[in-house]
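Undergrad: Got a structure for you, written out below as C-alpha cells; questions coming shortly.
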Amino acid sequence: MEVESVMVTGANKGIGLELVKELVKLPKPPRFVFATYRDESTTQALKEIKDASKDTEVVPVKMDITKTIEIADARKIVESKVGDKGLNLLINNAGVLAMQGFPEITKENMLLHFSTNTIGPVMVLKEMLPLLQKSAAQKDSGMNISRAAALNISSSGGSMDSLSREQSKQFLAAMGYRTSKASLNMAMKVVALTVKDQGILVVNMCPGWVKTDMGTDFAQLTLSESISSILKTLPQLNESHHGAFLDRNGKVIPY
C-alpha cells in the first residue's frame with residue numbers, strides 16, 4: 001500500500017493505535033500520519049511510535065470528533081503539512097460503546113453513540129473533504145487508496161441482516177452502538193453516492209471482533225491479526241467497492 005498521507009482518528013489506543021504502528025512499518029510508509037486523540041494523558045504509546053519512526057512524520061493531533069471547532073483546527077494542522085497535495089487517506093476509527101439494551105436504554109445513551117459513531121465521522125469527512133479532493137486531483141482516473149479515500153471503521157453489529165440470524169441475546173444490550181453503526185453505514189453510502197464523480201473512494205469496513213478495551217478479552221482477533229488483514233485489503237479496493245460495507249478481508253457484509 002502506497003499513500004503519501006493518512007489521518008487516523010482515535011489513534012491513542014486500540015485499533016487506531018495499531019493502525020499507526022503498522023502504517024509506519026510498511027515497506028513504503030506514508031510521509032505523514034496524523035494521529036488524533038482526545039486526552040493528552042493517554043498518548044504515551046503514540047508518542048513512542050512518533051519518536052521511533054524514521055521514515056514517517058507522525059503528527060499527534062488533539063481532536064474530539066464531537067467538537068466542530070476541534071475538527072476544524074485539526075484540518076488546519078493537516079493542511080499545513082500536506083499543502084496542495086492534499087490528504088490521501090482518512091480513516092474514521094474513533095468510536096464508543098456503552099452497553100445498554102431495551103427497555104433500559106436511555107436518551108443519553110442513544111445520543112452518546114450517535115454523536116460519536118455517526119455524526120462525528122460525517123463531520124470529520126465533511127471537514128477533510130477539500131483535502132481529499134486535492135489529493136484526488138493529483139490523478140485523473142479510477143478510485144483507489146493511493147489516490148484519495150475515506151475508510152470508515154464500522155461494525156457487523158450495525159447489520160440488520162446479521163442480527164436476524166444471531167442466537168445470543170447478550171449482544172442486544174449494545175442497542176445504541178448497533179443503531180449508530182447502522183446509521184453510519186447509511187450516512188456513508190449517501191456520501192459515497194454524492195462524491196462518486198470526484199475520485200474519492202468511500203468504504204465502510206468491519207475490523208472483526210478485536211481484543212481491545214471495547215472488544216474485551218473475549219474477542220476473537222488480536223489487534224495485529226485484524227489490522228494486518230485490513231492493510232492487505234486496502235490496496236485491492238477500487239471503484240467497485242465504492243459505498244460498500246466490507247469485512248477486513250474485503251468480503252461484502254449485507255446490511
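Undergrad: For segment 119-133, indicate whether the set of residues that are touching a His at 6+ places or on another chain (Cβ under 8 Å), within 20 Å of SER240 (Cα to Cα) and not charged (D, E, K, R) is non-empty.
TA: No, there is no match, as no residue in segment 119-133 is touching a His at 6+ places or on another chain (Cβ under 8 Å), within 20 Å of SER240 (Cα to Cα) and not charged (D, E, K, R).
Undergrad: Could you run through segment 78-117 and say how many residues are in contact with a helix residue (DSSP H, G or I) (Cβ under 8 Å, 6 or more places away or on another chain) and farther than 23 Å from LYS13 by Cβ?
TA: Selection size over segment 78-117: 10.
Undergrad: Also, quick follow-up: Could you say which residue among GLY95, GLY120 is in contact with a Ser or Thr (Cβ under 7 Å, 6 or more places away or on another chain) and in a loop (DSSP other than H, G, I, E, B)?
TA: GLY95
Undergrad: Is there any pair linking a residue in segment 1-25 that is under 20 Å from ILE71 (Cα atoms) and among the charged types (D, E, K, R) to one that is open to solvent by 50 Å² or more (accessible area, probe 1.4 Å) and in a helix (DSSP H, G or I), with Cβ under 7 Å and at least six apart or on different chains, and which?
TA: As it stands, the answer is LYS13/THR42, since those pairs meet every condition given.
Undergrad: If you take the residues in segment 53-85 that are small (Gly, Ala, Ser) and touching a residue at least 24 places away in the same chain (Cβ under 8 Å), which one is farthest from PRO130 (Cα to Cα)?
TA: Filtering segment 53-85 for residues that are small (Gly, Ala, Ser) and touching a residue at least 24 places away in the same chain (Cβ under 8 Å), the one farthest from PRO130 (Cα to Cα) comes out as SER53.
Undergrad: Take the conditions more than 18 Å from THR194 (Cβ to Cβ), assigned to a loop (DSSP other than H, G, I, E, B), open to solvent by 40 Å² or more (accessible area, probe 1.4 Å) and touching a residue at least 24 places away in the same chain (Cβ under 8 Å) and apply them to LEU112. Does it pass?
TA: No, not satisfied.
Undergrad: State yes or no: is LYS181 under 22 Å from HIS113 (Cα atoms) and of a type in the set (D, E, K, R)?
TA: yes
Undergrad: If a residue counts only when it is modelled with pLDDT under 90 and open to solvent by 10 Å² or more (accessible area, probe 1.4 Å), which helices (runs of 4 or more DSSP H) contained entirely in segment 144-255 have at least 3 such residues?
TA: Where helices (runs of 4 or more DSSP H) fall fully within segment 144-255 and carry at least 3 residues being modelled with pLDDT under 90 and open to solvent by 10 Å² or more (accessible area, probe 1.4 Å), they are 160-163.
Undergrad: Among the residues of segment 2-11, what is the count of those that are more than 13 Å from the chain's Cα centre (by Cα) and either crowded, with 20+ Cβ neighbours inside 10 Å or in a strand (DSSP E or B) (or both)?
TA: Adding up the residues that qualify gives 2.
Undergrad: I've got another one for you. Can we say ILE71 is touching a helix residue (DSSP H, G or I) at 6+ places or on another chain (Cβ under 9 Å) and not in a strand (DSSP E or B)?
TA: It is true that ILE71 is touching a helix residue (DSSP H, G or I) at 6+ places or on another chain (Cβ under 9 Å) and not in a strand (DSSP E or B).
Undergrad: Further question: In segment 22-50, how many residues are outside any loop (DSSP other than H, G, I, E, B) and farther than 19 Å from ALA150 by Cα?
TA: Within segment 22-50, residues that are outside any loop (DSSP other than H, G, I, E, B) and farther than 19 Å from ALA150 by Cα number 10.
Undergrad: Sticking with this one: Tell me yes or no: at least one residue of segment 17-24 is under 23 Å from LEU132 (Cβ atoms), in contact with an Asp or Glu (Cβ under 8 Å, 6 or more places away or on another chain) and either at pLDDT 95 or above or not β-branched (Val, Ile, Thr) (or both).
TA: yes
The values are calculated or read from the model by the stated rules, or taken from the named source; none is laboratory data. Model, not experiment: these values are computed from the prediction. Backbone-built Cβ (ideal geometry, glycine too); neighbour counts: all protein chains shown. Accessible surface areas use protein heavy atoms only, side chains included; no ligands, DNA or RNA. Shrake-Rupley method; radii C 1.70, N 1.55, O 1.52, S 1.80 Å.
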